[in-house]
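Student: Sharing a structure below in structure tokens format, with a few things to ask.
The values are calculated or read from the model by the stated rules, or taken from the named source; none is laboratory data. Worth saying up front: this structure is predicted, and the values here are computed from it rather than measured. When we count neighbours, we look across all protein chains shown, and the Cβ atoms used for this are built from the backbone with ideal geometry, even at glycine. Side chains included, ligands, DNA and RNA excluded: accessible areas come from the protein's heavy atoms. Shrake-Rupley method; radii C 1.70, N 1.55, O 1.52, S 1.80 Å.
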Amino acid sequence: VRLVESGGGLVQAGGSLRLSCYNTGRTLGSAAMGWFRQAPGKEREFVAHISWSGDSIDYADSVKGRFTISRDNAKNTVYLQMNILKPEDTAVYYCAAASAPVGSRYRNDYDYWGQGTQVTVSS
């Protein structure tokens with residue numbers, strides 16, 4: 001399993017970015033996927049997760065209503081659409097795969113991680 005994130009970059013406050021996470025390795029089976037982020041000097045925090053089927057989704061309160069997680073299992077890809085970005089969204093964003101079909105807010109429930117993609121929001 002190898003998760004590769006892309007789509008990060010520099011954007012002005014109020015702008016949008018779409019992150020992608022592609023699994024280049026073996027199929028994970030019925031794995032839930034999650035997005036986490038880590039700002040400088042802070043712990044890695046939960047952003048969103050989506051179940052294998054896509055019918056169970058959860059967001060951190062700080063991004064609810066602005067971010068949308070989705071997945072295309074045929075393409076082994078999960079997405080994070082980020083709108084109305086704020087400077088406090090600046091962080092390295094990581095995707096993660098769980099061994100369970102339903103996601104979690106807890107880092108320890110995820111077995112595989114990508115290398116991260118930098119998102120910087122200027123004010």
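Student: Please list the non-local residues whose amide H lies under 5 Å from the amide H of Asp111, H modeled 1.01 Å from N, same-chain partners needing a gap of 5 or more.
Tutor: It is Ala97, Ala98, Ser99, by chain and number.
Student: Just to check I understand the Karplus step: with θ = phi - 60° and J = 6.51 cos²θ - 1.76 cosθ + 1.60, what whole-Hz values come out for segment 37-51, glycine and proline as x?
Tutor: 9, 9, 8, x, x, 10, 6, 5, 10, 5, 10, 6, 9, 9, 6
Student: Points 7 angstrom from Cα along the Cβ direction at Asp72 and Thr120: gap in nanometres?
Tutor: Those two pseudo-labels are separated by 2.9 nm.
Student: Roughly to the nearest percent, how much of the accessible area of the chain is carbon and sulfur, given a 1.4 Å probe?
Tutor: That share works out to 47 percent.
Student: Separate question: Which GluC sites (Glu not before Pro) in segment 1-101 pass both tests, a DSSP loop state and at most 12 other beta-carbon atoms within 10 Å? The partial results should precede the final answer.
Tutor: Details: sites: Glu5, Glu43, Glu45, Glu88; in loops: Glu43.
Those satisfying the criteria are Glu43.
Student: Next question. Would you kindly derive the ³J(HN,Hα) couplings of segment 73-78 from the backbone phi angles with the Karplus curve 6.51 cos²θ - 1.76 cosθ + 1.60 (θ = phi - 60°), listing them in order in whole Hz, with x for Gly and Pro?
Tutor: After applying 6.51 cos²θ - 1.76 cosθ + 1.60, I find 5, 5, 9, 6, 9, 10 Hz.
Student: Could you compute the net charge surrounding Gln118? Neighbours are other residues with a C-beta less than 12 Å from the C-beta of Gln118; K and R count +1, D and E count -1.
Tutor: Working: positive: Arg37; negative: Glu5, Asp89.
It works out to a net charge of -1.
Student: Looking at segment 14-85, which trypsin sites (Lys or Arg not before Pro) are DSSP coil and have at most 14 other C-beta atoms within 10 Å of their C-beta? It would help to have the intermediate numbers written out before the result.
Tutor: Details: sites: Arg18, Arg26, Arg37, Lys42, Arg44, Lys64, Arg66, Arg71, Lys75; in loops: Arg26, Lys42, Arg44, Lys64, Arg66.
Here the sparse-neighbourhood loop sites are Arg26, Lys42, Lys64.
Student: Considering only protein heavy atoms, what per residue accessible area in square angstrom results for segment 1-71 with a 1.4 angstrom probe?
Tutor: Accessible area per residue: 50 Å².
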